[in-house]
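Novice: If you scroll down you'll find the structure; I have some questions about it.
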Amino acid sequence: MGLSDQIRQAAEIIRAGGIAAFPTETVYVLGADVYNRKAIARVFEAKKRPKFDPLIVHIADLSQMQPFVQEIPQKAQQLINRFWPGALTLVLPRKAPYHDMMSAGLSGVAVRFPSNMIAQEIIRASGAPIAVASANVFGNVSPTMASHVQDDLGQAVDIVVDGGASEIGMETTIISFIDEYPVMLRPGAVPQKEIEEVIGPICVSETAGNASFFPGMSDHHYTQRTVMLFSDQIEQLPKNLEIGLLSFKPVADAGDYAAVEVLSATGDLNEAARNLFAALRRLDAMDLDMIVAQKVPDTGIGEAINDRLMRAAF
Ligand code: TXA
Ligand code: MG
């Protein structure tokens with residue numbers, strides 16, 4: 001089925017109360033009509049996601065926030081002007097009680113305006129904002145290809161729209177405006193530095209870095225099968241073990257490993273972000289004894305890459 005037919009069918013499914021997986025510029029998402037509680041419940045079931053980990057409302061027009069966002073603080077508006085449509089999620093004070101399930105009863109609601117055209121067309125054609133989460137089983141790394149969604153969710157979803165590999169491959173940065181000061185709940189595709197160039201210093205949630213599980217905050221550790229350690233934690237590679245290497249750039253000692261995934265041949269952080277989750281999935285599927293990962297430079301999107309590596313590390 002052609003892409004435009006897939007888009008049309010996905011929107012029909014969502015309008016009819018079904019759940020559809022589709023690409024955004026960050027990762028693939030699984031979405032339901034934001035006004036359909038049964039469909040939202042199915043998103044949680046399909047992902048095996050705890051009910052207290054809320055979804056993100058995806059819009060394709062700023063006016064779609066009106067029914068459930070109480071107010072847009074001035075600094076939030078500045079970030080909207082600068083980064084929307086784009087890879088930034090804002091948690092804003094919410095009004096309508098009927099968003100309880102989606103916001104897990106939290107005082108805020110997460111909103112995002114994706115820049116990906118397929119996502120925008122599906123939201124527009126479905127006639128309402130779409131409540132989504134990353135289209136993976138809870139605990140897995142986010143999907144960046146339609147095949148990852150099939151692997152994780154298979155028949156649990158009504159359609160998977162295939163838009164190819166995600167352009168960015170890293171989830172959105174999440175900034176909360178529930179408290180007096182803006183707080184980064186999770187580092188993501190928009191680097192903290194770029195956020196602070198617009199609104200000045202922001203707080204960083206204590207869960208953002210150590211990826212511990214905290215209801216309504218960032219996801220917890222990934223539950224991949226293979227133990228992963230950082231290269232700086234290992235003096236000597238253990239002999240007679242099948243070890244995979246996840247490296248930022250090409251390495252000279254590749255021969256010492258059973259498998260090597262290089263995130264960027266040229267050492268480009270954006271390319272590394274694009275390849276990260278697919279590389280982790282490939283290594284994790286090889287039934288290795290261990291994965292050794294190298295941290296990347298902690299600048300720009302590298303902050304988010306290292307945050308996700310921390311979630312995958314043992
Ligand atoms: O790129 C992305 O952000 C992708 C796609 C779906 O847009 N989203 C994503 O979704 O990674 P998910 O569900 O895996 O992560 C959403 C994060 C969760 O950590 C959740 O706790 C947080 O957003 N969140 C959602 N609503 C919130 C709220 N009302 N207050 C605080 N945190 C919230
Ligand atoms: Mg997720």
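The values are calculated or read from the model by the stated rules, or taken from the named source; none is laboratory data. Just so you know, these numbers come straight off a predicted model, no measurement behind them. When the accessible area is computed, the model is the full protein with side chains, heavy atoms only, and any ligands, DNA or RNA have been set aside. Shrake-Rupley method; radii C 1.70, N 1.55, O 1.52, S 1.80 Å.
Novice: Hey, could you grab the Kirkwood Rh for region 228-312? Inverse mean 1/r over distinct alpha carbon pairs, Å, one decimal.
Specialist: Taking every pair of different Cα atoms in region 228-312, averaging 1/r and inverting gives 12.9 Å.
Novice: Now, a different point. Quick check on the chain: of the DSSP beta bridges with both residues there, what percent are antiparallel, nearest 5%?
Specialist: Antiparallel bridges make up about 50 percent of those DSSP assigns within the chain.
Novice: Roll a 1.4 angstrom probe over the protein heavy atoms and tell me the percent of accessible area of the chain that is carbon or sulfur.
Specialist: So the carbon and sulfur contribution to the accessible surface is 52 percent.
Novice: If the reach is capped at under 26 angstrom between alpha carbons, list the lysines near K239, excluding any in the same chain fewer than eight residues apart.
Specialist: Of all the lysines, those that pass the test against K239 - Cα under 26 Å, at least 8 places apart if same chain - are K249, K295.
Novice: Give the angle, between 0 and 90 degrees and rounded to the nearest 10, that separates the Cα long axis of helix 74-83 from the longest principal axis of the Cα atoms of the chain.
Specialist: That helix lies at roughly 60 degrees to the long axis.
Novice: If I ignore ligands, DNA and RNA and count only protein heavy atoms, how much of R112 is accessible to a 1.4 Å probe, in Å² to the nearest 10?
Specialist: Rounded to the nearest 10, that gives 10 Å².
Novice: If you rank M65, M117 by how much accessible surface each has, with a 1.4 Å probe, what is the order from largest down?
Specialist: Sorted descending by solvent-accessible area, the residues read M117, M65.
Novice: Provide the descending list of Cα extents for the chain along its principal axes, expressed in whole angstroms.
Specialist: So the extents along the principal axes, rounded to whole Å, are 60, 47, 32.
Novice: While we're looking at this one, here's another question. In what order, largest first, do R124, R42 sit by accessible area if the probe radius is 1.4 Å?
Specialist: Highest to lowest solvent-accessible surface, that is R124, R42.
Novice: Check cross-link reach from K51 to the lysines: straight Cα distance under 25 Å, and skip same-chain residues fewer than eight apart.
Specialist: K38, K95
Novice: Could you provide, to the nearest whole Å², the per residue accessible area of the chain with probe 1.4 Å?
Specialist: 42
Novice: Where does region 1-155 land on Rg/Rh, using Cα atoms and the Kirkwood Rh?
Specialist: 0.94
Novice: Let me check something: with ligands and nucleic acids excluded, how do S115, S4, S264 order by accessible area (1.4 Å probe), largest to smallest?
Specialist: The residues order as S4, S115, S264, largest area first.
Novice: Could you state how much accessible area F177 has, in square angstrom rounded to the nearest 10, with a 1.4 Å probe and all protein chains kept in place?
Specialist: So the heavy atoms of F177 present about 20 Å² to solvent.
Novice: Sticking with this one: Provide the solvent-accessible area of K47, counting protein heavy atoms only and rolling a 1.4 Å probe, rounded to the nearest 10 Å².
Specialist: Rounded to the nearest 10, the figure is 0 Å².
Novice: Then there's this: Which value results when the Cα radius of gyration for region 136-188 is divided by 2.2 N^0.38 Å?
Specialist: 1.47
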